[in-house]
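The values are calculated or read from the model by the stated rules, or taken from the named source; none is laboratory data. Because the structure is a prediction, the values reported are computed rather than measured. Glycine also receives a Cβ, built like all others from the backbone with ideal geometry; neighbour counts cover every protein chain displayed. Please note that ligands, DNA and RNA were not included when accessible areas were found on the heavy atoms of the full protein model with its side chains. Shrake-Rupley method; radii C 1.70, N 1.55, O 1.52, S 1.80 Å.
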Amino acid sequence: METAPTPEGLSTDILAIANLPVLWILAIGVFGAIIVQSLIYMKAARKAGPAADISAEELRTSFRAGAIAAIGPSLAVVLVSIALLTLFGTPAVLVRIGLVGSAATESASASLAAGTMGATLGGADYTQAVFVVAFMAMSLSGAGWMLATLVLTPVLRRGDTKLRRVNPALMAIVPAAALIGAFASLGIAELGKTPVHILSVIVSAVTMGVCILLANRTSATWLREWGLGISIIVGLFAAYIAHTSGMAPTA
């Protein structure tokens with residue numbers, strides 16, 4: 001006896017449409033644009049370096065430090081992305097999570113979109129139609145960030161120029177203060193969740209402090225470059241040990 005075909009969009013075989021060739025082509029195109037953009041920026045930095053009294057060795061050091069510092073955050077994104085492959089498929093995860101880098105934001109957008117259709121992510125009612133709506137919601141969410149950057153960057157550039165005329169030293173302080181504020185807000189947001197979160201934040205902070213201290217007191221300047229990646233990995237390991245030892249609250 002033959003099985004009746006599933007109405008269009010009501011199938012729960014998400015990967016059948018999540019891994020369509022056209023999505024792979026678009027994902028490869030996005031990453032190709034990222035690679036080209038990175039090469040253009042690196043070339044521009046090398047060209048502008050001498051005018052800013054930055055030597056070729058300092059540029060190489062800064063490129064290497066940036067690449068190393070990206071390892072830790074990228075590792076965290078990869079670990080989360082693996083868990084989301086069955087929900088969104090590889091192309092969608094590569095483009096949305098890999099490009100934007102915020103699994104929490106993308107998952108929240110998809111969850112809200114699925115909720116509007118009376119479904120839950122990964123549930124029995126998570127059909128192909130729900131996936132399409134969730135994927136569109138994630139894409140629109142990311143597009144909003146990019147459009148805001150496109151519109152606001154020229155405005156901020158004009159403000160930067162005016163501030164440099166008033167007080168050149170101020171623009172050396174503002175970026176550093178913004179970075180400290182951004183990382184501090186992210187860290188503080190994790191402190192109130194569970195004892196495991198508190199422990200991982202403290203361990204990561206102590207590890208980073210030790211790396212900076214050793215770099216200042218010894219000739220191991222490489223610790224400045226590797227400090228962020230080391231602290232994230234040590235924090236993840238501490239969180240895993242704490243979770244498996246029973247520190248995590250039970251539901």
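What the table below lists for this structure:
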item: Unmet requirement for residue 162, which otherwise passes all of (1) under 18 Å from residue 105 (Cβ atoms); (2) open to solvent by 80 Å² or more (accessible area, probe 1.4 Å); result: (1)
item: Every pair of residues 6+ apart whose Cβ atoms lie under 8 Å, when the first sits in segment 201-222 and is open to solvent by less than 80 Å² (accessible area, probe 1.4 Å) while the second is among the aromatic types (Phe, Trp, Tyr) and part of a helix (DSSP H, G or I); result: 211/226; 215/222
item: Filter pass, residue 224 being among the charged types (D, E, K, R) and over 23 Å from residue 58 (Cβ atoms); result: no
item: Criterion (outside any helix (DSSP H, G or I), free of Cβ contacts under 8 Å to residues at least 60 places away in the same chain and either within 26 Å of the chain's Cα centre (by Cα) or exposed (fewer than 11 other Cβ atoms within 10 Å of the Cβ) (or both)) met by exactly one of 168, 175; result: 168
item: Residue that is touching a Pro at 6+ places or on another chain (Cβ under 9 Å), part of a helix (DSSP H, G or I) and farther than 30 Å from residue 117 by Cα, where the choices are 206, 151, 201, 196; result: 196
item: Test for residue 229: is it modelled with pLDDT under 80 and open to solvent by less than 60 Å² (accessible area, probe 1.4 Å); result: yes
item: Residues satisfying the stated conditions in segment 29-68, i.e. among the hydrophobic types (A, V, I, L, M, F, W, C) and touching a residue at least 40 places away in the same chain (Cβ under 8 Å); result: 30, 31, 34, 65, 68
